[in-house]
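The structure under discussion appears below in the form of structure tokens.
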Amino acid sequence: MKLLAFAACCAALLSACAGGRMTSYSQAGLPDPVKVPAGHKVAMETVGLGNITYECRVKSNAVGQFEWVFVGPDARLMDRGGKLVGKYFGPPATWESMDGSKVTGAQVAVAPAMAGNIPYQLVKANPAMGNGTMTGVSYIQRVGTKGGVAPAMPCSAGNVGQKEVVQYQADYIFYSASM
């Protein structure tokens, strides 16, 4: 049932993309910690659709307590027209273009999104590997998040090591230094 709902959501999103109804993402409404510093411009806007894996583990430094721990993402990146332009996976968090160029990065900040959605995020990109679309990317901003939070089911001694996959969607906005 969840898979059908997700597929319907993806179809609606792609339809909206194809119809040209999606607009460029503005930083105006974002919390300050995840705003890209001045001197950078949008290089590419993508919509990520995919999954995040969590694993039930013993909580660090808390004997007898357990928590769902982020393991990694696996998403397709599409441009605003709905065309597949890359993928996002990890660890480490890696954004790879269809041309083979890719970037990793270090998280600078996060800020809460609406309840039930993974937080907004700002990542400082490392120099690109390979030449192509990702060359010159300086920051990656995760915004417009939907879903992706840790499972609601209990994490306990009885299911340590269990992995759960949750679906999510997010806009990944790539920035480069302004000339």
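The values are calculated or read from the model by the stated rules, or taken from the named source; none is laboratory data. What you see is a predicted model; the values in this text were computed from it and never measured. Glycine also receives a Cβ, built like all others from the backbone with ideal geometry; neighbour counts cover every protein chain displayed.
Just to be sure before I move on: is E55 within 17 Å of G148 (Cβ to Cβ) and loosely packed, with under 15 Cβ neighbours inside 10 Å in the structure I sent? No: the conditions fail for E55.
Pairing each residue of the stretch 62-76 that is over 12 Å from Q167 (Cβ atoms) with any residue that is among the aromatic types (F, W, Y), provided the two are 6+ apart or on different chains, yields C-beta distances under 7 Å for W68/Y54; V69/Y54; F70/Y54; V71/Y54; G72/F89. For the stretch 113-125, the criterion of being farther than 22 Å from L30 by Cα and among the basic types (K, R) is met by none of the residues. What about M153, is it in contact with a helix residue (DSSP H, G or I) (Cβ under 9 Å, 6 or more places away or on another chain) and free of Cβ contacts under 8 Å to residues at least 12 places away in the same chain? When the stated conditions are applied, M153 passes them. Residues in the stretch 108-117 include at least one that is over 15 Å from M44 (Cβ atoms), in contact (Cβ under 8 Å) with a residue 60 or more places away in the chain and not aliphatic (A, V, I, L, M). Condition first: surrounded by fewer than 14 Cβ atoms within 10 Å (Cβ to Cβ), more than 15 Å from D79 (Cβ to Cβ), at pLDDT 95 or above and under 20 Å from the mean Cα position of the chain (by Cα). Can you find one or more residues in the stretch 15-35 that meet it? Yes, because at least one residue in the stretch 15-35 is surrounded by fewer than 14 Cβ atoms within 10 Å (Cβ to Cβ), more than 15 Å from D79 (Cβ to Cβ), at pLDDT 95 or above and under 20 Å from the mean Cα position of the chain (by Cα). Of the residues making up the stretch 99-108, at least one is under 18 Å from Q27 (Cα atoms) and either modelled with pLDDT of 95 or more or of a type in the set (G, A, S) (or both).
Condition check for M134 on (1) free of Cβ contacts under 8 Å to residues at least 60 places away in the same chain; (2) more than 23 Å from A177 (Cα to Cα); (3) hydrophobic (A, V, I, L, M, F, W, C); (4) surrounded by 21 or more Cβ atoms within 10 Å (Cβ to Cβ): one failure, at (2).
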